[in-house]
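Below is one structure, written out as C-alpha coordinates; comments come after it.
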Amino acid sequence: MRAWVLLAGLACQADPVVDVEWLRAAQRRLGARLVVAEASWAADGSAPQYAAGHIPGAIHINTDVFENGRPSWHLRPVPELHAALGRLGIGPETTVVVYSQQTIAAARVWWVMEYAGVRDVRYLDGGLGAWKRAGLPADTATVFLPPVRFSGRPRPQVLATTARVRQARNAVLADVRSVAEFRGETSGYSYLDAKGRIPGAISAGNADDATRLYQNPDGTLRRAEEIRALWQRTGILTGGEVIFYCGSGWRSSLAYLYARRLGLRRVRNYSDGWSGWSTIFEPGGGQRPSRNPVERR
(Lines give C-alpha, C1' and ligand atoms only; values in the text may rest on other atoms or scores of the structure.)
Protein backbone atom coordinates (compact mmCIF):
# COMPACT_ATOMS: atom_id res chain seq x y z
CA MET A 1 0.00 0.00 0.00
CA ARG A 2 1.29 3.45 -0.84
CA ALA A 3 1.66 5.95 1.97
CA TRP A 4 0.39 9.45 1.29
CA VAL A 5 0.77 12.81 3.01
CA LEU A 6 -0.88 16.17 2.52
CA LEU A 7 1.73 18.74 1.49
CA ALA A 8 0.46 22.31 1.12
CA GLY A 9 -2.88 20.91 -0.01
CA LEU A 10 -1.22 18.39 -2.35
CA ALA A 11 -1.71 14.64 -2.00
CA CYS A 12 1.52 12.90 -2.98
CA GLN A 13 3.68 9.87 -2.27
CA ALA A 14 5.37 10.04 1.13
CA ASP A 15 8.80 9.36 -0.39
CA PRO A 16 9.45 10.36 -4.00
CA VAL A 17 12.94 8.79 -3.91
CA VAL A 18 13.20 5.27 -5.33
CA ASP A 19 15.99 2.75 -5.72
CA VAL A 20 17.05 0.47 -8.56
CA GLU A 21 14.95 -2.41 -7.28
CA TRP A 22 11.85 -0.20 -7.38
CA LEU A 23 12.70 0.93 -10.90
CA ARG A 24 13.16 -2.62 -12.16
CA ALA A 25 9.78 -3.61 -10.76
CA ALA A 26 8.17 -0.52 -12.29
CA GLN A 27 9.65 -1.33 -15.70
CA ARG A 28 7.99 -4.74 -15.60
CA ARG A 29 4.71 -3.41 -14.22
CA LEU A 30 4.24 -0.23 -16.24
CA GLY A 31 5.96 -0.90 -19.55
CA ALA A 32 5.46 2.03 -21.93
CA ARG A 33 3.69 4.06 -19.25
CA LEU A 34 7.07 4.50 -17.53
CA VAL A 35 9.64 7.01 -18.79
CA VAL A 36 13.19 6.98 -17.45
CA ALA A 37 15.01 10.25 -18.02
CA GLU A 38 18.65 11.25 -17.58
CA ALA A 39 18.99 14.99 -17.00
CA SER A 40 21.96 17.22 -17.71
CA TRP A 41 22.77 20.69 -18.99
CA ALA A 42 23.69 19.61 -22.50
CA ALA A 43 22.11 19.59 -25.93
CA ASP A 44 20.36 16.32 -26.68
CA GLY A 45 22.59 15.47 -29.63
CA SER A 46 25.84 16.10 -27.78
CA ALA A 47 25.22 15.14 -24.14
CA PRO A 48 28.53 13.45 -23.26
CA GLN A 49 27.42 11.59 -20.14
CA TYR A 50 24.27 10.25 -21.80
CA ALA A 51 26.20 9.24 -24.93
CA ALA A 52 28.79 7.39 -22.84
CA GLY A 53 26.13 5.14 -21.35
CA HIS A 54 22.72 5.38 -19.71
CA ILE A 55 19.99 3.18 -18.32
CA PRO A 56 18.55 1.24 -21.28
CA GLY A 57 15.51 2.99 -22.73
CA ALA A 58 16.22 6.28 -20.95
CA ILE A 59 15.69 9.55 -22.76
CA HIS A 60 17.91 12.57 -22.25
CA ILE A 61 16.49 15.83 -20.91
CA ASN A 62 18.43 19.02 -21.51
CA THR A 63 17.65 21.21 -18.49
CA ASP A 64 17.51 24.21 -20.84
CA VAL A 65 14.05 23.14 -22.04
CA PHE A 66 12.60 24.16 -18.68
CA GLU A 67 14.46 27.48 -18.30
CA ASN A 68 14.39 30.75 -20.21
CA GLY A 69 18.11 30.85 -21.00
CA ARG A 70 20.42 33.83 -20.79
CA PRO A 71 20.64 36.11 -19.00
CA SER A 72 18.51 34.84 -16.06
CA TRP A 73 18.03 31.05 -16.45
CA HIS A 74 14.68 31.24 -14.67
CA LEU A 75 11.77 28.81 -14.84
CA ARG A 76 9.65 29.02 -17.98
CA PRO A 77 5.89 29.74 -17.74
CA VAL A 78 3.61 26.72 -17.29
CA PRO A 79 2.38 26.57 -20.93
CA GLU A 80 5.99 26.37 -22.10
CA LEU A 81 6.78 23.66 -19.53
CA HIS A 82 3.79 21.67 -20.74
CA ALA A 83 4.89 22.04 -24.36
CA ALA A 84 8.41 20.87 -23.45
CA LEU A 85 7.09 17.85 -21.59
CA GLY A 86 4.88 16.92 -24.51
CA ARG A 87 7.80 17.13 -26.94
CA LEU A 88 9.72 14.74 -24.68
CA GLY A 89 6.92 12.20 -24.91
CA ILE A 90 5.74 12.70 -21.32
CA GLY A 91 2.00 12.79 -20.73
CA PRO A 92 0.14 13.79 -17.56
CA GLU A 93 -0.46 10.13 -16.66
CA THR A 94 3.11 9.02 -17.33
CA THR A 95 5.23 7.78 -14.44
CA VAL A 96 8.67 9.39 -14.77
CA VAL A 97 11.88 8.37 -13.03
CA VAL A 98 14.61 11.02 -13.21
CA TYR A 99 18.31 10.60 -12.57
CA SER A 100 21.55 12.42 -13.32
CA GLN A 101 25.25 12.23 -12.61
CA GLN A 102 24.67 15.68 -11.06
CA THR A 103 22.37 15.34 -8.06
CA ILE A 104 20.99 18.85 -8.23
CA ALA A 105 20.21 18.51 -11.95
CA ALA A 106 18.04 15.47 -11.28
CA ALA A 107 16.39 17.22 -8.33
CA ARG A 108 15.72 20.29 -10.47
CA VAL A 109 14.02 18.30 -13.23
CA TRP A 110 12.10 16.26 -10.65
CA TRP A 111 10.78 19.43 -9.01
CA VAL A 112 9.90 21.08 -12.33
CA MET A 113 7.81 18.04 -13.29
CA GLU A 114 6.17 18.05 -9.86
CA TYR A 115 5.27 21.71 -10.30
CA ALA A 116 4.13 21.30 -13.91
CA GLY A 117 1.69 18.55 -13.01
CA VAL A 118 3.23 15.20 -13.93
CA ARG A 119 1.07 12.74 -12.01
CA ASP A 120 3.87 10.55 -10.68
CA VAL A 121 7.51 11.61 -10.86
CA ARG A 122 10.30 9.94 -8.90
CA TYR A 123 13.97 10.54 -8.21
CA LEU A 124 16.31 7.55 -8.71
CA ASP A 125 18.73 7.45 -5.78
CA GLY A 126 22.30 6.95 -6.94
CA GLY A 127 21.39 7.20 -10.63
CA LEU A 128 23.46 5.33 -13.18
CA GLY A 129 26.10 4.48 -10.59
CA ALA A 130 23.59 2.58 -8.48
CA TRP A 131 22.26 0.88 -11.62
CA LYS A 132 25.75 -0.36 -12.51
CA ARG A 133 26.54 -1.38 -8.94
CA ALA A 134 23.49 -3.63 -9.12
CA GLY A 135 25.18 -5.42 -12.01
CA LEU A 136 22.85 -4.01 -14.66
CA PRO A 137 24.03 -2.98 -18.14
CA ALA A 138 24.15 0.51 -19.62
CA ASP A 139 23.25 1.39 -23.20
CA THR A 140 24.54 4.03 -25.63
CA ALA A 141 21.59 4.13 -28.05
CA THR A 142 19.92 7.55 -28.24
CA VAL A 143 16.23 7.29 -27.38
CA PHE A 144 13.51 9.70 -28.51
CA LEU A 145 9.83 9.17 -27.67
CA PRO A 146 6.92 10.22 -29.89
CA PRO A 147 5.59 13.66 -28.91
CA VAL A 148 2.32 13.74 -26.99
CA ARG A 149 -0.01 16.43 -25.67
CA PHE A 150 0.68 17.25 -22.04
CA SER A 151 -2.30 18.68 -20.20
CA GLY A 152 -1.56 18.09 -16.52
CA ARG A 153 -2.75 20.41 -13.79
CA PRO A 154 0.11 22.53 -12.38
CA ARG A 155 0.76 22.63 -8.64
CA PRO A 156 1.40 26.30 -7.80
CA GLN A 157 1.44 25.46 -4.10
CA VAL A 158 4.98 24.06 -4.41
CA LEU A 159 6.36 27.30 -5.89
CA ALA A 160 7.26 30.53 -4.10
CA THR A 161 7.21 33.59 -6.34
CA THR A 162 9.09 36.79 -5.57
CA ALA A 163 5.79 38.40 -4.60
CA ARG A 164 5.08 35.63 -2.11
CA VAL A 165 8.56 35.91 -0.59
CA ARG A 166 8.01 39.67 -0.12
CA GLN A 167 4.75 38.94 1.73
CA ALA A 168 5.99 35.92 3.71
CA ARG A 169 6.03 37.56 7.11
CA ASN A 170 6.11 34.35 9.16
CA ALA A 171 7.80 31.96 6.74
CA VAL A 172 11.33 30.70 7.28
CA LEU A 173 13.63 31.53 4.36
CA ALA A 174 16.15 28.70 4.13
CA ASP A 175 19.22 29.63 2.08
CA VAL A 176 21.00 26.55 0.70
CA ARG A 177 23.88 28.39 -1.01
CA SER A 178 27.48 28.53 0.19
CA VAL A 179 28.51 30.56 3.24
CA ALA A 180 30.40 32.94 0.93
CA GLU A 181 27.25 33.55 -1.10
CA PHE A 182 25.17 33.96 2.05
CA ARG A 183 27.58 36.56 3.43
CA GLY A 184 27.71 38.48 0.15
CA GLU A 185 31.35 37.74 -0.62
CA THR A 186 30.43 36.33 -4.04
CA SER A 187 27.32 36.04 -6.16
CA GLY A 188 28.16 32.41 -6.86
CA TYR A 189 27.53 32.78 -10.61
CA SER A 190 29.65 34.15 -13.43
CA TYR A 191 26.62 35.85 -15.00
CA LEU A 192 25.25 37.44 -11.81
CA ASP A 193 26.58 40.69 -10.31
CA ALA A 194 24.48 41.01 -7.16
CA LYS A 195 25.86 39.72 -3.86
CA GLY A 196 24.11 39.17 -0.54
CA ARG A 197 21.03 37.40 0.79
CA ILE A 198 17.34 37.91 1.35
CA PRO A 199 16.81 39.71 4.68
CA GLY A 200 16.00 37.34 7.51
CA ALA A 201 17.21 34.24 5.66
CA ILE A 202 18.86 31.39 7.58
CA SER A 203 21.84 29.52 6.16
CA ALA A 204 20.76 25.87 5.91
CA GLY A 205 23.92 24.38 4.38
CA ASN A 206 25.19 24.43 0.81
CA ALA A 207 23.28 21.79 -1.19
CA ASP A 208 25.70 21.77 -4.12
CA ASP A 209 27.06 18.37 -5.13
CA ALA A 210 30.66 19.35 -4.42
CA THR A 211 30.06 19.91 -0.70
CA ARG A 212 28.79 16.36 -0.02
CA LEU A 213 26.59 17.82 2.70
CA TYR A 214 23.32 16.57 1.22
CA GLN A 215 24.87 13.74 -0.83
CA ASN A 216 27.06 10.73 -0.08
CA PRO A 217 30.40 10.30 -1.92
CA ASP A 218 28.87 7.61 -4.15
CA GLY A 219 26.17 9.99 -5.39
CA THR A 220 23.35 8.62 -3.27
CA LEU A 221 21.35 10.88 -1.00
CA ARG A 222 22.08 11.11 2.67
CA ARG A 223 19.51 9.59 4.98
CA ALA A 224 16.57 11.94 5.39
CA GLU A 225 17.01 11.92 9.16
CA GLU A 226 20.54 13.30 8.77
CA ILE A 227 19.10 16.28 6.92
CA ARG A 228 16.38 16.70 9.53
CA ALA A 229 19.13 16.91 12.16
CA LEU A 230 21.01 19.49 10.05
CA TRP A 231 17.89 21.61 9.69
CA GLN A 232 17.12 21.36 13.38
CA ARG A 233 20.60 22.66 14.15
CA THR A 234 20.20 25.57 11.74
CA GLY A 235 16.81 26.45 13.19
CA ILE A 236 14.63 26.29 10.08
CA LEU A 237 12.21 23.67 11.44
CA THR A 238 9.86 25.88 13.40
CA GLY A 239 6.60 24.26 12.32
CA GLY A 240 5.72 27.13 10.00
CA GLU A 241 6.13 27.49 6.26
CA VAL A 242 9.64 26.95 4.90
CA ILE A 243 10.75 28.55 1.63
CA PHE A 244 13.99 27.17 0.21
CA TYR A 245 16.11 29.23 -2.15
CA CYS A 246 19.53 29.22 -3.76
CA GLY A 247 20.79 31.14 -6.80
CA SER A 248 18.25 30.00 -9.38
CA GLY A 249 16.44 26.91 -8.17
CA TRP A 250 18.73 23.90 -8.57
CA ARG A 251 20.11 23.48 -5.05
CA SER A 252 16.80 24.53 -3.53
CA SER A 253 15.06 21.80 -5.56
CA LEU A 254 17.22 19.24 -3.77
CA ALA A 255 16.33 20.77 -0.40
CA TYR A 256 12.66 20.65 -1.39
CA LEU A 257 13.07 16.97 -2.30
CA TYR A 258 14.36 16.28 1.21
CA ALA A 259 11.46 18.23 2.69
CA ARG A 260 9.09 15.96 0.78
CA ARG A 261 10.95 12.91 2.10
CA LEU A 262 10.58 14.23 5.63
CA GLY A 263 6.86 14.89 5.19
CA LEU A 264 7.06 18.63 5.83
CA ARG A 265 3.60 19.98 5.07
CA ARG A 266 4.25 23.67 4.41
CA VAL A 267 7.20 24.03 2.07
CA ARG A 268 7.90 25.82 -1.20
CA ASN A 269 10.79 26.25 -3.61
CA TYR A 270 11.65 29.84 -4.54
CA SER A 271 12.76 28.84 -8.01
CA ASP A 272 14.02 32.25 -9.15
CA GLY A 273 16.09 32.42 -5.99
CA TRP A 274 18.69 35.03 -5.19
CA SER A 275 19.01 36.08 -8.84
CA GLY A 276 15.27 36.71 -9.08
CA TRP A 277 15.19 38.57 -5.77
CA SER A 278 18.22 40.77 -6.34
CA THR A 279 18.31 41.49 -10.05
CA ILE A 280 16.28 42.75 -12.99
CA PHE A 281 17.60 41.17 -16.17
CA GLU A 282 17.29 43.26 -19.30
CA PRO A 283 16.64 41.87 -22.80
CA GLY A 284 20.03 42.90 -24.12
CA GLY A 285 21.84 40.93 -21.44
CA GLY A 286 22.29 43.76 -18.96
CA GLN A 287 21.25 43.67 -15.34
CA ARG A 288 20.40 46.15 -12.65
CA PRO A 289 19.51 45.86 -8.97
CA SER A 290 15.90 45.24 -8.09
CA ARG A 291 14.18 47.29 -5.41
CA ASN A 292 14.07 44.34 -3.01
CA PRO A 293 16.10 44.78 0.19
CA VAL A 294 19.29 42.76 0.65
CA GLU A 295 21.59 41.87 3.54
CA ARG A 296 25.32 41.19 3.64
CA ARG A 297 27.60 39.73 6.29
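The values are calculated or read from the model by the stated rules, or taken from the named source; none is laboratory data. What you see is a predicted model, and the numbers here were worked out from it, not measured in a lab. Backbone-built Cβ (ideal geometry, glycine too); neighbour counts: all protein chains shown.
Search the stretch 43-79 for residues being assigned to a loop (DSSP other than H, G, I, E, B) and among the polar types (S, T, N, Q), and hand back the single one that is nearest to Thr142 (Cα to Cα).
Kept after step one, since they are assigned to a loop (DSSP other than H, G, I, E, B), are these residues of the stretch 43-79: 43, 47, 53, 55-58, 68-74, 76-77.
Filter again for among the polar types (S, T, N, Q), leaving 68, 72.
Numbers: Asn68: 25, Ser72: 30 Å.
That would be Asn68.
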Quiz prompt | Hey, Pro217 without any contact (Cβ under 8 Å) to a residue 12 or more places away in the chain and outside any helix (DSSP H, G or I) or not | solution = yes
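Rundown of residues vs (1) crowded, with 16+ Cβ neighbours inside 10 Å; (2) within 25 Å of Met113 (Cβ to Cβ); (3) touching a strand residue (DSSP E or B) at 6+ places or on another chain (Cβ under 6 Å), yes/no style:
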site	(1), (2), (3)
Leu173	yes, yes, yes
Glu181	yes, no, no
Thr186	no, no, no
Ser190	no, no, no
Ala201	yes, no, yes
Ala207	yes, yes, no
Tyr214	yes, yes, no
Pro217	no, no, no
Exercise. Please find, within the stretch 229-250, the residue that is nearest to Gly126 (Cα to Cα) out of those that are surrounded by fewer than 17 Cβ atoms within 10 Å (Cβ to Cβ) and modelled with pLDDT of 95 or more.
Key: Ala229
Self-check item: Residues located in the stretch 113-132, provided they are closer than 18 Å to Pro92 by Cβ and surrounded by 21 or more Cβ atoms within 10 Å (Cβ to Cβ)
Solution: Met113, Glu114, Tyr115, Ala116, Val118, Val121, Arg122
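Give the residues of the stretch 103-121 that are of a type outside the set (A, V, I, L, M) and closer than 19 Å to Ala84 by Cβ, sorted by residue number. Walk me through how you get there before you give the answer.
Filtering the stretch 103-121 for residues of a type outside the set (A, V, I, L, M) gives 103, 108, 110-111, 114-115, 117, 119-120.
Matches in the stretch 103-121: Arg108, Trp110, Trp111, Glu114, Tyr115, Gly117, Arg119, Asp120.
Just the residues that are among the polar types (S, T, N, Q) and more than 25 Å from Arg296 (Cα to Cα), please, taken from the stretch 186-228. So that I can check it myself, show each step before the final result.
Initially, the stretch 186-228 is screened for residues among the polar types (S, T, N, Q), giving 186-187, 190, 203, 206, 211, 215-216, 220.
Result: Gln215, Asn216, Thr220.
Would you mind stating whether Gly205 is assigned to a loop (DSSP other than H, G, I, E, B), in contact with a Phe, Trp or Tyr (Cβ under 8 Å, 6 or more places away or on another chain), more than 21 Å from Thr161 (Cα to Cα) and at pLDDT 95 or above? Reasoning before the result, please.
Details: assigned to a loop (DSSP other than H, G, I, E, B): yes; in contact with a Phe, Trp or Tyr (Cβ under 8 Å, 6 or more places away or on another chain): yes; more than 21 Å from Thr161 (Cα to Cα): yes; at pLDDT 95 or above: yes.
Spelling it out, Gly205 is indeed assigned to a loop (DSSP other than H, G, I, E, B), in contact with a Phe, Trp or Tyr (Cβ under 8 Å, 6 or more places away or on another chain), more than 21 Å from Thr161 (Cα to Cα) and at pLDDT 95 or above.
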Quiz item: Applying the selection to the stretch 74-90, what residues are crowded, with 19+ Cβ neighbours inside 10 Å, in contact (Cβ under 8 Å) with a residue 24 or more places away in the chain and farther than 24 Å from Leu221 by Cβ?
Solution: Leu81, His82, Leu85, Leu88
Exercise. Scan the stretch 144-170 residue by residue and report those that are farther than 21 Å from Asp120 by Cα and of a type in the set (A, V, I, L, M).
Key: Ala160, Ala163, Val165, Ala168
Self-check item: Failed criterion for Ser190 (all others in (1) without any contact (Cβ under 8 Å) to a residue 60 or more places away in the chain; (2) farther than 18 Å from His74 by Cβ hold)
Solution: (2)
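Can you tell me which residue in the stretch 1-21 is surrounded by the most Cβ atoms within 10 Å (Cβ to Cβ), limited to those that are under 21 Å from Arg108 (Cβ atoms) and either at pLDDT 50 or above or touching a Pro at 6+ places or on another chain (Cβ under 6 Å) (or both)? Can you show your working first?
Taking the stretch 1-21 and keeping what is under 21 Å from Arg108 (Cβ atoms), we get 7-8, 10, 12-13, 15-19.
Filter once more, keeping what is either at pLDDT 50 or above or touching a Pro at 6+ places or on another chain (Cβ under 6 Å) (or both): 13, 15-19.
Details: Gln13: 15, Asp15: 17, Pro16: 17, Val17: 20, Val18: 17, Asp19: 14.
By that ranking, first place goes to Val17.
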Quiz item: For residues in the stretch 133-163 being exposed (fewer than 12 other Cβ atoms within 10 Å of the Cβ) and touching a Gly at 6+ places or on another chain (Cβ under 7 Å), which is farthest from Val35 (Cα to Cα)?
Solution: Arg153
Quiz item: What is the residue count in the stretch 110-139 for residues that are farther than 11 Å from Ala58 by Cβ and more than 13 Å from the chain's Cα centre (by Cα)?
Solution: 14
Exercise. Being touching a Ser or Thr at 6+ places or on another chain (Cβ under 7 Å) and under 16 Å from Asp209 (Cα atoms) is the filter here, so list the residues in the stretch 246-283 that pass it.
Key: Cys246, Gly247, Ser248, Gly249, Leu254
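Would you say Asp209 is acidic (Asp, Glu) and either under 26 Å from Leu128 (Cβ atoms) or without any contact (Cβ under 8 Å) to a residue 40 or more places away in the chain (or both)? Before you say what the answer is, go through the steps one by one.
Working: acidic (Asp, Glu): yes; either under 26 Å from Leu128 (Cβ atoms) or without any contact (Cβ under 8 Å) to a residue 40 or more places away in the chain (or both): yes.
It is true that Asp209 is acidic (Asp, Glu) and either under 26 Å from Leu128 (Cβ atoms) or without any contact (Cβ under 8 Å) to a residue 40 or more places away in the chain (or both).
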Quiz item: Can we say Ile90 is modelled with pLDDT of 95 or more, within 20 Å of the chain's Cα centre (by Cα) and in a helix (DSSP H, G or I)?
Solution: no
